[in-house]
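Notes follow the structure.
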Amino acid sequence: MPASVGWVWLVIVLPFLGFLVNGTLSFVRPDAKRVVSAVGVGVLALSFVVALVVTGGVVAHPPHGHPYVLTLWSWMPAGSLQIDAALQVDQLSTVMMLVVTGISTLIHIFSIGYMREDPGYPRYFAYLNLFVFFMLILVLGASFPVMFVGWEGVGLCSYLLIGFWYENKPFADAGKKAFIMNRIGDFGFLVAMFMIFHATGSLSFVTVFEEAPQLFAVGGTTITLITLALFMGCTGKSAQIPLFTWLPDAMAGPTPVSALIHAATMVTAGVYLVARANVLFAMAPVSSLVVAATGAATALFAATIAVKQWDIKKVLAYSTISQLGYMFMGVGVGAYAAGIFHLTTHAFFKALLFLGSGSVIHALHHAFHATHRHDDAQDMRNMGGLRRYMPWTAALMWIATLAIAGVPGFSGFFSKDEILAMTFARGQEAGVFYVLWIVGAVAALLTAFYMTRMMLYTFHGPTRTGEEEERHLHEAPWVMTGPLLFLGIGSVVAGVLNLPAVLPGSGWLHHFLEPVTEGSTAYLPEFHLASATEWALLGLATLIAAAGILGAWNFLKPALLQPASLATPESGLQRILLRKWYVDEIYDALVIRPIMWLSERTFWKVVDVGVIDGVLVNGSAKTARAVGWIGSRLQSGRVATYVFFFVLGSILVLRALLR
Amino acid sequence: MIYGEWILDLLLAFPVLAALAVLLSPEAAAKRVALVGTLVEFLLSVPLWWMFDPGTAAMQFQVTHPWIPGWGIMFSLGLDGISLFMVLLTTFTMPLAVLGSWNYIKEKQRAYYALLLVLTTGMLGVFVALDLFVFYVFWEIMLIPMYFLIGVWGGPRRLYAAIKFFLFTFVGSLLMLVAILVMYSVVGRATGEYSFAYSHLLDNVGSVERWAFWLFGAFFLAFAIKVPMFPFHTWLPDAHVEAPTAGSVILAGILLKMGTYGFLRFAVPFFPGVAFHPTVQTVVVVLAVTGIIYGALVAMVQPDFKKLVAYSSISHLGFVMLGIWALSLQSVEGAIIIMISHGISTGALFFLAGMLYERAHTREIAAFGGIARVVPALAATLTIVSLSSIGLPGTNGFIGEFLVLVGSFGTFPWATVVAATGVIFAAAYLLRALQRLIYNKLDNPEHERMRDLSARELLVLVPLIVCILWIGLYPAPFLRRVEASAQALVEQIRGPEATTTPARAAEVVR
């Protein structure tokens, strides 16, 4: 192991130190905001620097076959089960580590401005530092259980940060919902670990992935069940069908949290997991197809909802769900590098979009606050024309919008196109992949449409905030716009990481990740597209993006929009989309209410109180008392009664004896 | 090995002496004397951690004194990897229990603290006894102080709860007494040596083969009530709700473990043929898994915080039962870890319930809300403890549950998968409670003036939190001490290959 890679523990420890310091400050010196910001951002920046050093070591001495494993201590030794607290550094974890620390640093800086006036400032930074700590454990853990520590740890931080303003009950509800839905997924992760341990005798990545080819039959029941259970974990954490409904609610958290946790990093953990376990998934073609199909379905489904949302953050939330669907489509069809590539570019442009929306909300909130209005600062119907007041934010968010819409040259174009192209390429093998490709293409059209709609309603047309409020609108401070600038650069240029095969210098990320993914190549068909086909797909992708953007630009009329308080309620399909296909209501009626009813009305009130206690326990006590009562009646003290029973008894005994 | 020769005797004798000291001291000083007594007791037990030899499954620190030699009753004590942590858990909990009672108990303090100390002896005796008669005596001894703790210092329905607690346990233990006497006489007749010694009965258990089913049944009932397993659990919520804080802590933290300890020490090793008979096995596993889910679901709808924690105990102990019956090295080690960590986490939850009660004079969850702002330290502590009870990785709760489940999967895959859904319900009931206790809007203006944790309360909670994280992050020292005994148990029943061959059951490549 190169000496520089040995420092990887420091990448993790630094954010944890930040958590300890800020956590302590939140109790003893909650007003020390300067110290809190310095610590909160400082540890992250340092962590990023160390991550760069580690990356340098990996690039200079790329691990091949065996990743670098740093064992810290023996965590759970129990007989044949030996789980170490160990970190794993290879090409994949390096990419993730850089994305996490890099984006986190920018979002921490943004938070200084965004959370400036919040009384919970130190608590906020403590949680955010803790989140990065767990996220790094997730991506650097060398075994399934260690990864699971990070996996549930980020869920905890997500819970704490969604419910950060816990005095607002719906916000606290949203945090709880996120945690519980994630736990449903985590149940799958747990079951997968049980199966893996019993099948391979180990839970460490190196051993499991090396021995899997000898132990499992390709497409066999065991490997299929294992990967399906793992993917169940992914649907929870990465908000895929059917466990996606927590993510839109998670927008209750402060907006930088949405950017960091619910867009750029945590929700991509599922994609990372599939890419990490690529050998297992490649050996289970049915599971992989399930992954790809779920991804495609989610991409389209979430996109339809995003088209009709009015809350700017809800649009972005559904957009995130949809984009995560693309990533799963990528890793599902076996294009692991493409999935990670889209994860990376998405981290840039979606973080930018969220932070930009944060700046907008921040500005509107202040304007409403100044005029004592209680309107929704996140409803796009209350915005409009904001580009005149926030030119930087508008310009930067347009860059991100063009990227996510897939306009050629921007990063999202390349990453999304690669996933679609790979899916298309597998169509030669089975027609179902063509269906997935069409679904993905339609979702791409919707993406370009709803993103343009969002930009149009927010930044263009007349300003609907109200005249008084307009005078209070202004651009965000530099501490907030600065990070946006970096993310904007990333949104443009990140595409060069992995250019299409028909362009010069293509596939760098693909080659970089090859040592990690090569174990799965034996089980996957070769991806091959004629260069004419590839050009045609690129051209088609361009057309789709253009159609979506121009369609929205021409058909939507921001001038006709009414502020939220004056708007007429939607009807028909629009209403169904606005209410998100009523999925929450369906879950509530089918799952939550029956369980609560069963628990309270049946188990507690009937089984426990009624049957066990009422009939059996107290019943036997009452029987004992009744018998005692009868006995006590006999002890009446009347001699005549005693004589009567004595004679009666004697007769009975004599009869019995004389038979 | 001087320490090893007197330590167990001393651990049993000292609390009784301390109880006498408490009774002789003035009323106002009683709690201080009791604190010193329990602390000394704890310090006396600490060297066991290092003196214990993890390399052997044999009984350590053994002492034997003749008691009623004519009947083969010896006062015989010893420790192995299973009982070591039960002893340490007991001595660790008691000073905290005294501290936690500090302001809560205002009447008859001398009697209260003296009973706590007598209870200590009773509980320790159960865990170290190596003679079944002695075991039975201690089993009954600990019942009496607990009965009074609930019945005298408890809540409004204390008498109902105390009698229910007493009768439930007593019914089981009477049957157990009969079983012990039958074993004693049958084994005695067969071998010519009448003795209650654990090892003697264990070695010659073959001679009671004919009665094994009924004997096991008697032990099973006694222990299952204590655990408590569904459907023998209804004494627990009542006892917990009515008991004073320390009573609940001890009840959940230590007394419940006597049931599972009894299974590990007596019922399972004595009668493996019955315990692992397919039918019996199925019944036990179904009851265990039912307990896990049922306890969690019923906990979810409890309006009373203490009752919620009580039902959550039923759920947690179900994991222990599953782990014991799955009988793999991991599952048994996991079961023992849950026994330890449930004592810590649930103990802490009951302490917190008591602290909330002392502040608001209610245990009704709905009466709280929004107090995280006024009592941040209490809220943070409650969050950490709840997370450990939920089994978040990095806390003690995860280690035990994970080992039990991963170890049980090989034996009972379907039961394990069903049991694993317990992790979802655990999150549901605790987060629901947490939200309604400390989050949401603070709507009771009186709670605005609620005071945060005092130094004394921190002194109670911090050691528990340290243990929560310690076992969560570095359980290896615990596992190392448990392993030999767990392995011996598994190998006694499953044969030596059960623990040596790596678990591996993948389909062969075709």
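The values are calculated or read from the model by the stated rules, or taken from the named source; none is laboratory data. Quick caveat: nothing in here was measured; it's all calculated off a predicted structure. As a convention, Cβ positions derive from the backbone with ideal geometry for all residues, glycine included, and neighbour counts pool all protein chains shown.
Across segment B:361-416, what is the number of residues that are at positive phi and at the interface with another protein chain (Cβ under 7 Å from one of its Cβ atoms)?
Adding up the residues that qualify gives 2.
Look through A:252, A:338, A:297 and report the one residue that is small (Gly, Ala, Ser) and under 28 Å from residue A:506 (Cβ atoms).
A:338
Residues that are away from chain B (no Cβ under 11 Å), over 18 Å from residue B:231 (Cβ atoms) and exposed (fewer than 10 other Cβ atoms within 10 Å of the Cβ): does segment A:572-587 have at least one?
Checking segment A:572-587: at least one residue is away from chain B (no Cβ under 11 Å), over 18 Å from residue B:231 (Cβ atoms) and exposed (fewer than 10 other Cβ atoms within 10 Å of the Cβ).
So if I check each of A:569, A:563, which one is surrounded by 15 or more Cβ atoms within 10 Å (Cβ to Cβ) and modelled with pLDDT under 80?
Step by step, each of A:569, A:563 is checked, and only A:563 is surrounded by 15 or more Cβ atoms within 10 Å (Cβ to Cβ) and modelled with pLDDT under 80.
Restricted to segment B:195-212, and to residues that are touching a Gly at 6+ places or on another chain (Cβ under 9 Å) and of a type in the set (Phe, Trp, Tyr), which residue is surrounded by the most Cβ atoms within 10 Å (Cβ to Cβ)?
Among those residues, the one meeting the criterion is B:196.
Specify the residue that is farthest from residue A:239 (Cα to Cα); the eligible residues are those in segment A:588-633 that are hydroxyl-bearing (Ser, Thr, Tyr) and away from chain B (no Cβ under 11 Å).
Within segment A:588-633, the match that is farthest from residue A:239 (Cα to Cα) is A:632.
Has segment B:140-147 got any residue that is more than 18 Å from the chain's Cα centre (by Cα) and of a type in the set (Asp, Glu)?
Within segment B:140-147, none of the residues are more than 18 Å from the chain's Cα centre (by Cα) and of a type in the set (Asp, Glu).
Residue A:233 fails exactly one of the following numbered conditions: (1) surrounded by fewer than 22 Cβ atoms within 10 Å (Cβ to Cβ); (2) closer than 21 Å to residue B:404 by Cβ; (3) out of contact with any Ser or Thr (no Cβ under 7 Å at 6 or more places or on another chain). What is the number of that condition?
For residue A:233, the exception is condition (1).
Between A:217, A:199, A:212, which is facing chain B (nearest Cβ under 7 Å) and either surrounded by 20 or more Cβ atoms within 10 Å (Cβ to Cβ) or not small (Gly, Ala, Ser) (or both)?
A:199
Where the second residue is among the acidic types (Asp, Glu) and loosely packed, with under 11 Cβ neighbours inside 10 Å and the first is over 23 Å from residue A:445 (Cβ atoms) and lies in segment A:553-568, which pairs have Cβ atoms under 8 Å and are six or more apart or on separate chains?
none
Filter segment A:378-394 for residues that are in a helix (DSSP H, G or I) and in contact with a Lys or Arg (Cβ under 8 Å, 6 or more places away or on another chain); which is surrounded by the fewest Cβ atoms within 10 Å (Cβ to Cβ)?
That would be A:381.
Among all residue pairs at least 6 apart or on different chains, which show Cβ distances below 8 Å where the first residue, located in segment A:157-177, is at the interface with another protein chain (Cβ under 8 Å from one of its Cβ atoms) and more than 17 Å from residue A:259 (Cα to Cα) and the second is surrounded by fewer than 22 Cβ atoms within 10 Å (Cβ to Cβ) and aliphatic (A, V, I, L, M)?
Going by the 8 Å Cβ cut-off, the qualifying pairs are A:167/B:442.
Applying the selection to segment A:372-390, what residues are small (Gly, Ala, Ser) and touching a residue at least 40 places away in the same chain (Cβ under 8 Å)?
If the condition is that a residue be small (Gly, Ala, Ser) and touching a residue at least 40 places away in the same chain (Cβ under 8 Å), then A:384, A:385 are the ones that fit.
Let's see how each residue does on (1) at pLDDT 95 or above; (2) under 20 Å from residue B:392 (Cα atoms); (3) within 13 Å of another protein chain (Cβ to nearest Cβ):
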| site | (1), (2), (3) |
| --- | --- |
| B:452 | no, no, yes |
| B:456 | no, no, no |
| B:468 | yes, yes, no |
| B:491 | no, no, yes |
| B:496 | no, no, yes |
| B:502 | no, no, yes |
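Regarding segment B:417-431, can at least one residue be identified that is more than 7 Å from chain A (Cβ to nearest Cβ), farther than 30 Å from residue B:352 by Cα, in contact with a helix residue (DSSP H, G or I) (Cβ under 6 Å, 6 or more places away or on another chain) and at pLDDT below 90?
No; the residues of segment B:417-431 include none that is more than 7 Å from chain A (Cβ to nearest Cβ), farther than 30 Å from residue B:352 by Cα, in contact with a helix residue (DSSP H, G or I) (Cβ under 6 Å, 6 or more places away or on another chain) and at pLDDT below 90.
For segment B:173-193, give me each residue that is of a type outside the set (A, V, I, L, M, F, W, C) and under 32 Å from the mean Cα position of the chain (by Cα).
Result: B:173, B:184, B:185.
So for segment A:97-118 (the condition being hydrophobic (A, V, I, L, M, F, W, C), buried (at least 24 other Cβ atoms within 10 Å of the Cβ), in a helix (DSSP H, G or I) and within 13 Å of chain B (Cβ to nearest Cβ)), does at least one residue qualify?
Checked segment A:97-118: no residue is hydrophobic (A, V, I, L, M, F, W, C), buried (at least 24 other Cβ atoms within 10 Å of the Cβ), in a helix (DSSP H, G or I) and within 13 Å of chain B (Cβ to nearest Cβ).
Mind checking which pairs have a first residue in segment B:230-256 that is within 14 Å of chain A (Cβ to nearest Cβ) and surrounded by 24 or more Cβ atoms within 10 Å (Cβ to Cβ) and a second that is outside any helix (DSSP H, G or I) and not small (Gly, Ala, Ser), Cβ under 6 Å, 6 or more apart or different chains?
If the second residue must be outside any helix (DSSP H, G or I) and not small (Gly, Ala, Ser), the pairs left are B:236/B:228.
Does residue B:56 satisfy the condition of being outside any helix (DSSP H, G or I), of a type in the set (Val, Ile, Thr) and within 30 Å of residue A:78 (Cβ to Cβ)?
Yes; evaluated as a whole, the condition is true for this residue.
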